[in-house]
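The values are calculated or read from the model by the stated rules, or taken from the named source; none is laboratory data. Given the structure is predicted, the values throughout are model-derived calculations rather than measurements. Every residue, glycine among them, receives a Cβ derived from its backbone with ideal geometry; neighbour counts consider all protein chains shown. With ligands, DNA and RNA removed, areas are computed over all heavy atoms of the protein, side chains included. Shrake-Rupley method; radii C 1.70, N 1.55, O 1.52, S 1.80 Å.
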Amino acid sequence: MQMLSGLGRTRYIPLLILFTLAILQSCKKNPKEMSREQLEKELSDKKHYEKLLEFGKSAGINVEKFAATGEQAPVFALLEEAGFGHKPNLRYTEKKVKADTLLLREAAEALVKGESVDKVMKGLEPVYPVYNNLKIHYARLLKENKQDSAAIVAETLNAYRWIKRQSQGAPRFVMVNIRGAYLAAMDSAGQNVLRMRTVVGKSDTPTPTMDTYATSIVTHPYWNVPKSIAIKEMFPKAASDPEYLSRNRIEIIDNKGQAVNPEEIDWEELTAEKFPYRFRQETGEDNSLGLLKVEIKNPLAIYLHDTNARYLFKSNSRWRSHGCVRVQQPTDLANYMAGTKLLDNDFMTEPDTVSTPPKWHKLKARIPVFLLYLGADCNEKGDLLYFEDVYKRGLPKV
């Protein structure tokens, strides 16, 4: 048999290379068959992991927390941070939701297969338009070497990642920025549906940050006066002015829930600290809660509500409440939360000369509600806005 000449053999080298690569590829384990530890080890390679860290930096993540120690890098922890964030500074959290582990695994598998870091990581991040706009501004601020401003934006980026985590499966959510005194109601894709002004807590009675959910809409609510307000403000006025309670349509309620005649009370024998009753304001437009209240689950007696002082929404200084959140468009908010037209448009303009009993409208879906203290955010046009540190809490720790 005639041997192949040197030139003939050369013709087969490309085929040999392809054949060798095919064998090597067939020997390589399918990412879907790999364990979580195997995926993490594969992605701990310095070349791979540095790209993940670079992406994390572009999203305002403090990548020092995810530095590789030894041969195994905290790949899944970084993926979770990029997709679902970490808990912001919150006074109350109803429940921390677990990250979508299936989504994280799919991302790791895609990276092992060789898909680009940008494509995979962007598939993990929130799809909210506001989040994308914030990332653009964050990159600009870093380029301009404005580190303090960038840190404020990074805190907001994490807040939206946390909102994504906590809103999994919810059809919509509501976010109140206490520092900016406004409310944004968004659908599951982060599209702004409603945006309105709010009146929030004063510096000495700040609105607490919280992560919870709305339970019901109450029309014509009573105002059960919080103990702190009853002791500091209401008791001294009621004790010194016999007409104060009737003028403000406030009832005295005993521990059995029964109304007590104020004329039968010996005010001189009582003190604010040893007052065995509670105050309750009758329903109606003069009620401090207005005509509507949104109940949110929390132990701090905080809720969203209408107000009998609607002129305050015209002011740019809207840190005026005892802690609850007064909303500018309560009917629109109630209908959005309910996912249906719960109330007519003229609900707020109906004559309310008599006391109408409260009515509870339980929400069919769990609607997440976030009360956050954010120093920056984007408006609907994508402009970056900064907000005064009204509670003097200083720069964020991202």
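Which one of these does Tyr311 not meet: (1) assigned to a strand (DSSP E or B); (2) out of contact with any strand residue (DSSP E or B) (no Cβ under 8 Å at 6 or more places or on another chain)?
Only one criterion in (1) assigned to a strand (DSSP E or B); (2) out of contact with any strand residue (DSSP E or B) (no Cβ under 8 Å at 6 or more places or on another chain) is unmet by Tyr311, namely (1).
Need the failing condition index for Ala365 against (1) small (Gly, Ala, Ser); (2) in contact with an Asp or Glu (Cβ under 8 Å, 6 or more places away or on another chain); (3) open to solvent by 30 Å² or more (accessible area, probe 1.4 Å), just the number.
With respect to (1) small (Gly, Ala, Ser); (2) in contact with an Asp or Glu (Cβ under 8 Å, 6 or more places away or on another chain); (3) open to solvent by 30 Å² or more (accessible area, probe 1.4 Å), Ala365 is out only on (2).
How many residues, within region 262-296, are touching an Asp or Glu at 6+ places or on another chain (Cβ under 6 Å), touching a residue at least 40 places away in the same chain (Cβ under 8 Å) and open to solvent by 20 Å² or more (accessible area, probe 1.4 Å)?
2
Here is a list: Ala272, Ala259, Ala239, Ala301. Which entry is among the small types (Gly, Ala, Ser) and closer than 30 Å to Leu333 by Cβ?
Ala301
Search region 55-84 for residues that are of a type in the set (S, T, N, Q) and pair each with any residue that is outside any helix (DSSP H, G or I) when their beta-carbon atoms are under 8 Å apart and the residues are at least 6 apart or on different chains.
Asn62/Val398; Gln72/Ser44
Mind telling me which of the residues Ser26, Ser58 ends up being at pLDDT below 95, more than 30 Å from Asn298 (Cα to Cα) and either open to solvent by 40 Å² or more (accessible area, probe 1.4 Å) or aliphatic (A, V, I, L, M) (or both)?
Ser26
If a residue has to be in contact with an Asp or Glu (Cβ under 7 Å, 6 or more places away or on another chain) and either touching a residue at least 40 places away in the same chain (Cβ under 8 Å) or assigned to a loop (DSSP other than H, G, I, E, B) (or both) to count, how many in region 299-308 make the cut?
1
Could you list, ordered by first residue, the pairs with Cβ atoms under 6 Å in which the first is in region 384-395 and within 8 Å of Arg179 (Cβ to Cβ) and the second is at pLDDT 95 or above and open to solvent by less than 40 Å² (accessible area, probe 1.4 Å), at least 6 apart or interchain?
From residues that are within 8 Å of Arg179 (Cβ to Cβ), the pairs are Phe387/Arg179; Phe387/Gly180; Phe387/Gly375.
With the requirement that a residue be open to solvent by less than 70 Å² (accessible area, probe 1.4 Å) and more than 13 Å from Phe279 (Cβ to Cβ), what does region 224-261 give you?
Across region 224-261, the qualifying residues are Asp241, Gly257, Asn261.
Does Ala154 satisfy being in contact (Cβ under 8 Å) with a residue 12 or more places away in the chain, within 24 Å of Leu374 (Cα to Cα) and in a helix (DSSP H, G or I)?
Yes.
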